[in-house]
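A.B. asks: Sharing a structure with you now.
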Amino acid sequence: MPGVDVVAVLDYFQNQAGGGLLGLYDLFSGGSMSRATVLALGIMPYISASIFVQIAGAVVPRVDKLQKDEEGRKKLTQWTRYLTVALAIVQAWGFALFTESVPGAVVAPGFWFKAQMTLFLTTGAMFTMWLGEQITERGLGNGASLLIFFSIVQGFWPGIFQTFEYVGSGAVNVFALLVLAVVMVAVVAGVVAMTMAARRILIQIPQRTVGRGRMRQEARNFIPLRLNSAGVMPIIFAQSVIVVPGAIAQFSGNESLKTFSEYFDPTSWLYFLLTGILILFFTYFYTSIIFNPVDLAENLKKQGGFVPGIKPGAKTAEYIDTVVTRITLPGALFLTAIALMPALIVKAINLPFQFGGTSLLIVVGVALDTMAQMQQHLLLRQYDGFMKKGRVRFRGRQAMGGF
């Protein structure tokens, strides 16, 4: 961005903002925010707008109706784009104010600087949104998710090289590095297992007549209910809420608020405790928004299917809701452990290389979804498949067994 001292902004992020909401945004933008580039906002305005529209579907009947119709979904897509522009303008103006608050970061602060920065950052956010939509339309996967995926992955290598430099200089012993490697492998394996884990609900289609009075029975299928239906969103919501006291104290300049915000320092036990509680809460909250057992039961009833031993309709919806409520608890505990355990272990062995559960969940989830989509495209084109062994299961239409 013109008129910005990049070194001053980068120093601020490294010294103060690395663990807050700005640090999370910087992670999703691939470090563009800490370098004050034109693409500093990244894909986050579009992601935020999509989440708002999705939540609106759970509370606004008109939006819920539009989500069930093809033309309605096109209209919601257009609304999401308009909302993205509005959010980008607000976030760009806020980032301009933040940049002016960093000592020595802005050469000539004032209204024209903020207006110029808002224009450039909004334009960059619109380009990123367009790029993500182009990736999605051409069948390469979810464009927004892939942009975040590569933004996170490209930041792994500097941290890995820096860790080996510390080992070479003797600042970090080899044993601590081996402990970190074992922990990372275990965490990644746990993330993969929990991301693919699902509770399968058996469904059955009644007998039907197939010519000349012959009867046949459809093969039994199942509905896979994922243990971690909410994905990474509860962690993002929790981290967004937990940094609010510090952000208010920073911009207000009140000494009492600054003293109070110290209790929410990312290195304190109160921070870990509150983060865990918020993750548990937002896991149930977001799962209730994105998963509607009533619609699922109605669609199953329309197709003539039923859960063995459960009456179709309301009873099926109650049964599915009970199962989802039960499996959400281990999913929520898993998210809490993944979000907090790496930071606790790294803090305990005093290593400079940080790896967070948020990054791992996004990387693993996007990688599995992309592999599943590639597998589906290859099968549709009469190829053998992406992999002969270890095919990704419980994803997409293939996992639903055609249901």
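The values are calculated or read from the model by the stated rules, or taken from the named source; none is laboratory data. In this text the structure is predicted, and so the values were computed from the model without any measurement. Glycine also receives a Cβ, built like all others from the backbone with ideal geometry; neighbour counts cover every protein chain displayed.
A.B. asks: If you check Thr128 against the conditions, is it hydroxyl-bearing (Ser, Thr, Tyr), within 20 Å of the chain's Cα centre (by Cα) and assigned by TED's automatic domain parsing to the domain that holds Ser34?
C.D. replies: For Thr128, the condition - hydroxyl-bearing (Ser, Thr, Tyr), within 20 Å of the chain's Cα centre (by Cα) and assigned by TED's automatic domain parsing to the domain that holds Ser34 - is met.
A.B. asks: Report whether or not Ser151 is surrounded by 15 or more Cβ atoms within 10 Å (Cβ to Cβ), over 19 Å from Thr37 (Cβ atoms) and not hydrophobic (A, V, I, L, M, F, W, C). It would help to see each step written out before you state the result.
C.D. replies: Details: surrounded by 15 or more Cβ atoms within 10 Å (Cβ to Cβ): yes; over 19 Å from Thr37 (Cβ atoms): no; not hydrophobic (A, V, I, L, M, F, W, C): yes.
No; evaluated as a whole, the condition is false for this residue.
A.B. asks: Would you kindly identify the helices (runs of 4 or more DSSP H) lying entirely within the stretch 1-104 that contain at least 3 residues that are at positive phi?
C.D. replies: In the stretch 1-104, there are no helices (runs of 4 or more DSSP H) which contain 3 or more residues that are at positive phi.
A.B. asks: Looking at the stretch 303-342 only, could you name the residues that are of a type in the set (Gly, Ala, Ser), loosely packed, with under 14 Cβ neighbours inside 10 Å and modelled with pLDDT under 85?
C.D. replies: Within the stretch 303-342, Gly304, Gly309 qualify.
A.B. asks: Still on this structure, please answer the following. Tally up the residues in the stretch 31-70 that are surrounded by fewer than 21 Cβ atoms within 10 Å (Cβ to Cβ) and under 14 Å from Ile152 (Cα atoms), please.
C.D. replies: 2
Residue-by-condition table, conditions (1) within 28 Å of Ile235 (Cα to Cα); (2) aliphatic (A, V, I, L, M):
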residue: Gly31; (1), (2): yes, no
residue: Ile43; (1), (2): yes, yes
residue: Ala58; (1), (2): yes, yes
residue: Gln91; (1), (2): yes, no
residue: Phe111; (1), (2): no, no
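A.B. asks: Something else: Val90: surrounded by 15 or more Cβ atoms within 10 Å (Cβ to Cβ), under 23 Å from Ala115 (Cβ atoms) and among the β-branched types (Val, Ile, Thr), yes or no?
C.D. replies: no
A.B. asks: Does Pro109 satisfy being free of Cβ contacts under 8 Å to residues at least 60 places away in the same chain and either touching a Lys or Arg at 6+ places or on another chain (Cβ under 7 Å) or closer than 15 Å to Val9 by Cβ (or both)?
C.D. replies: yes
A.B. asks: Condition check: closer than 22 Å to Met1 by Cα and either touching a Leu at 6+ places or on another chain (Cβ under 7 Å) or not β-branched (Val, Ile, Thr) (or both). Does Leu119 satisfy that?
C.D. replies: It is true that Leu119 is closer than 22 Å to Met1 by Cα and either touching a Leu at 6+ places or on another chain (Cβ under 7 Å) or not β-branched (Val, Ile, Thr) (or both).
A.B. asks: Yes or no: the stretch 74-84 includes at least one residue that is aliphatic (A, V, I, L, M), within 18 Å of Val7 (Cα to Cα) and surrounded by 15 or more Cβ atoms within 10 Å (Cβ to Cβ).
C.D. replies: No, there is no match, as no residue in the stretch 74-84 is aliphatic (A, V, I, L, M), within 18 Å of Val7 (Cα to Cα) and surrounded by 15 or more Cβ atoms within 10 Å (Cβ to Cβ).
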